[in-house]
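The values are calculated or read from the model by the stated rules, or taken from the named source; none is laboratory data. Treat the numbers as computed from the prediction; the structure is a model and nothing was measured. All Cβ positions, glycine included, derive from the backbone under ideal geometry; neighbour counts span all protein chains shown. The area values use the complete protein model at the heavy-atom level, side chains included, leaving out ligands, DNA and RNA. Shrake-Rupley method; radii C 1.70, N 1.55, O 1.52, S 1.80 Å.
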Amino acid sequence: MNVSDSEVVSRIIQDAGYEIVSSPKNANVVLLNTCSVRENAERKIFERLSSLKKFKKSSQLNVIGILGCMAERMRSKLIDENDIVDLAVGPDEYRKVPELIRKAFTGEKGIAVKLSRVETYDDIEPLRKEGISAWLAVMRGCDKFCSFCVVPFTRGRERSRTLKSIVDEVVKLWDDGFKEVTLLGQNVNSYRCPETSSDFADLLSSCANAVPNMRIRFVTSHPQDMSNKLIETIASHKNICKYIHLPLQSGSNRILALMNRNYTVEHFTERISYIRSLIPDCALSTDIIAGFPTETLEDHKKTLQALEEIRFDGAYMFKYSPRENTKAYKLGDDVPEQEKIYRLNEIIELQNRISKTINLTEHGKVHEVLVEGPSKKNKQKWQGRSDTNKVVIFQPNEEVKVGKIVRIKILSSTSATLFGELV
Ligand code: SAH
Ligand code: SF4
């Protein structure tokens, strides 16, 4: 979502006459787009600011701006406590960035953090780097108020773009050479077209039909709203990728209730069963939080048990991080740090073992892989992604081109990567 937001801001400032440069060394203005979901993400920004401080004294760098969720959360405090910050702009005020930069050049510091019920940047075409894979935000904000999460406070109320504008943009992306699009929202399942009341399943099938050779992905789904209609829509379109990210967060119903997630483990596993009954080869990933307030060893074991039973292909696993103003913040942060780390490591170890075992079952199978280019680790080899969103490494021949779909037979694997050969 932040990459996508940065592309929107890039367009806004380019249209205002600024040029985007590739290194801060050549910049007069540096804008940092930020995340507040965990403390660690904010800590990285403060580290970045302290390294920029030296720059600001010695180079042509005049203006430093903080964009996104940290600006929204910390507001004037950001500027008051960090003298090198000139502007702070929240997620719904990006249109003001050029004006605030202009003022900052005259020494005037600026803040714009009003949240909006209608802003979707519908009319702004994100300034995407050339590539094969594009992000496309179909909605903004979140109304779920999970008790641990700062997003509803920093990104405001849920609002969707019109189905027509999204389908038009997807068609344009295909015409521009993109081969894959990921539809983005904090909870895409609650997408509602403001003109036609179409839901997310309608949007997915409209996109899939409009560009039948483009791969369509989406993230993130909420287990409570993962409807039969949506699952059936994914199953019935070849170009909607067979990969679903469905955050479980915890395997304990008591903790899920405290998290205000509005589903039980039983509901979650029933949804997974329905997905697997219609789409047997669907890859699944999840998010897990270790050490939520009041989590006992027994709750933690239930999370491990759920992971064992569901067997996700992959997971994003986090240590609970208290966020001011959220409901969970008031519960205190009573799982000791060492214990949180221990539990998180247990979760990671188990998940790695599961991912590794699942990937062993891929050996001998043939995947259609969208070619991305040379592998990051070994430039001799190339990499791409399977429909199921797994990274596949292979030896290219002269005919292999970036953006083409090739068939790769899987020969070996690790917990995170598949290795194979062209067939
Ligand atoms: N809207 C998406 C993404 C939210 S943030 C969703 O609901 O899935 C991505 C993940 O960060 C969440 O799923 C959650 O696992 C994690 N997260 C959010 N707040 C957190 C916190 N305070 N501490 C630790 N992890 C958190
Ligand atoms: Fe946060 Fe929950 Fe909304 Fe996801 S669904 S952004 S975790 S409040």
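Taken across region 231-241, residues that are in a loop (DSSP other than H, G, I, E, B), away from ligand 1 (no atom under 15 Å from the Cβ) and open to solvent by less than 10 Å² (accessible area, probe 1.4 Å) do occur, with at least one present. The set of residues in region 134-152 being open to solvent by 20 Å² or more (accessible area, probe 1.4 Å) and over 15 Å from the mean Cα position of the chain (by Cα) consists of Asp143, Lys144, Phe145, Phe148. So, Ala41, is that one within 30 Å of Gln383 (Cβ to Cβ) and in the same structural domain as Val219 (by TED's automatic domain parsing) or not? Against the criterion (within 30 Å of Gln383 (Cβ to Cβ) and in the same structural domain as Val219 (by TED's automatic domain parsing)), Ala41 does not qualify.
Residue count for region 160-171 under the criterion of being surrounded by fewer than 18 Cβ atoms within 10 Å (Cβ to Cβ) and touching a residue at least 24 places away in the same chain (Cβ under 8 Å): the result is 5.
Only one of the numbered conditions (1) in contact with an Asp or Glu (Cβ under 7 Å, 6 or more places away or on another chain); (2) away from ligand 1 (no atom under 16 Å from the Cβ) is not met by Arg157, and that is (2).
Do we have Lys376 as more than 21 Å from the chain's Cα centre (by Cα), farther than 26 Å from Glu308 by Cβ, of a type outside the set (A, V, I, L, M) and not assigned by TED's automatic domain parsing to the domain that holds Phe318 here? Answer is no for this residue. Report yes if Ser415 is touching a strand residue (DSSP E or B) at 6+ places or on another chain (Cβ under 9 Å), polar (S, T, N, Q) and in the same structural domain as Lys238 (by TED's automatic domain parsing), otherwise no. No.
Annotation: of all residues in region 188-201 being in a loop (DSSP other than H, G, I, E, B) and open to solvent by less than 10 Å² (accessible area, probe 1.4 Å), the one that is nearest to ligand 2 (Cβ to nearest atom) is Tyr191.
Considering only region 295-308, I want to know if a residue exists there that is under 24 Å from Asp143 (Cβ atoms) and either of a type outside the set (Val, Ile, Thr) or within 16 Å of ligand 1 (Cβ to nearest atom) (or both). No, region 295-308 contains no residue that is under 24 Å from Asp143 (Cβ atoms) and either of a type outside the set (Val, Ile, Thr) or within 16 Å of ligand 1 (Cβ to nearest atom) (or both).
Looking at Arg343, is it free of Cβ contacts under 8 Å to residues at least 60 places away in the same chain and on the phi > 0 side of the Ramachandran plot? When the stated conditions are applied, Arg343 does not pass them.
The criterion of at least 1 residues that are open to solvent by 80 Å² or more (accessible area, probe 1.4 Å) and either within 15 Å of Ser36 (Cβ to Cβ) or at pLDDT 95 or above (or both) is met by the following helices (runs of 4 or more DSSP H) wholly inside region 48-110: 76-81, 97-105. The residue that is farthest from ligand 1 (Cβ to nearest atom), among those in region 204-224 that are part of a helix (DSSP H, G or I), open to solvent by less than 10 Å² (accessible area, probe 1.4 Å) and closer than 25 Å to Glu130 by Cα, is Ala208. Which one is farthest from ligand 2 (Cβ to nearest atom), of the residues in region 328-364 that are surrounded by 15 or more Cβ atoms within 10 Å (Cβ to Cβ) and among the charged types (D, E, K, R)? Of everything passing the filter in region 328-364, Glu362 is farthest from ligand 2 (Cβ to nearest atom). Taking only region 126-174 into account, find how many residues are closer than 21 Å to Ser10 by Cβ and either within 16 Å of ligand 2 (Cβ to nearest atom) or part of a helix (DSSP H, G or I) (or both). Number satisfying all stated conditions: 13. From the list Ala88, Ala71, Ala16, Ala104, the lone residue that is in contact (Cβ under 8 Å) with a residue 24 or more places away in the chain, touching a Lys or Arg at 6+ places or on another chain (Cβ under 7 Å) and on the phi < 0 side of the Ramachandran plot is Ala88.
Exactly one residue among Pro280, Pro322 is open to solvent by 60 Å² or more (accessible area, probe 1.4 Å) and in a loop (DSSP other than H, G, I, E, B), and that residue is Pro280. In the set Gly131, Gly185, only one residue is in contact (Cβ under 8 Å) with a residue 12 or more places away in the chain, surrounded by fewer than 16 Cβ atoms within 10 Å (Cβ to Cβ) and under 30 Å from Lys404 (Cα atoms); that residue is Gly131.
For region 242-277, a residue qualifies if it is open to solvent by less than 10 Å² (accessible area, probe 1.4 Å), aliphatic (A, V, I, L, M) and either over 24 Å from Lys319 (Cα atoms) or more than 23 Å from the chain's Cα centre (by Cα) (or both), and the qualifying residues are Ile255, Ile272, Ile275. Criterion applied to Tyr329, Tyr274 was being hydroxyl-bearing (Ser, Thr, Tyr), modelled with pLDDT of 95 or more and within 16 Å of ligand 1 (Cβ to nearest atom), and the one residue passing it is Tyr329. Exactly one residue out of Val391, Val400 is without any contact (Cβ under 8 Å) to a residue 40 or more places away in the chain, open to solvent by less than 20 Å² (accessible area, probe 1.4 Å) and outside the structural domain of Asp281 (by TED's automatic domain parsing): that is Val400.
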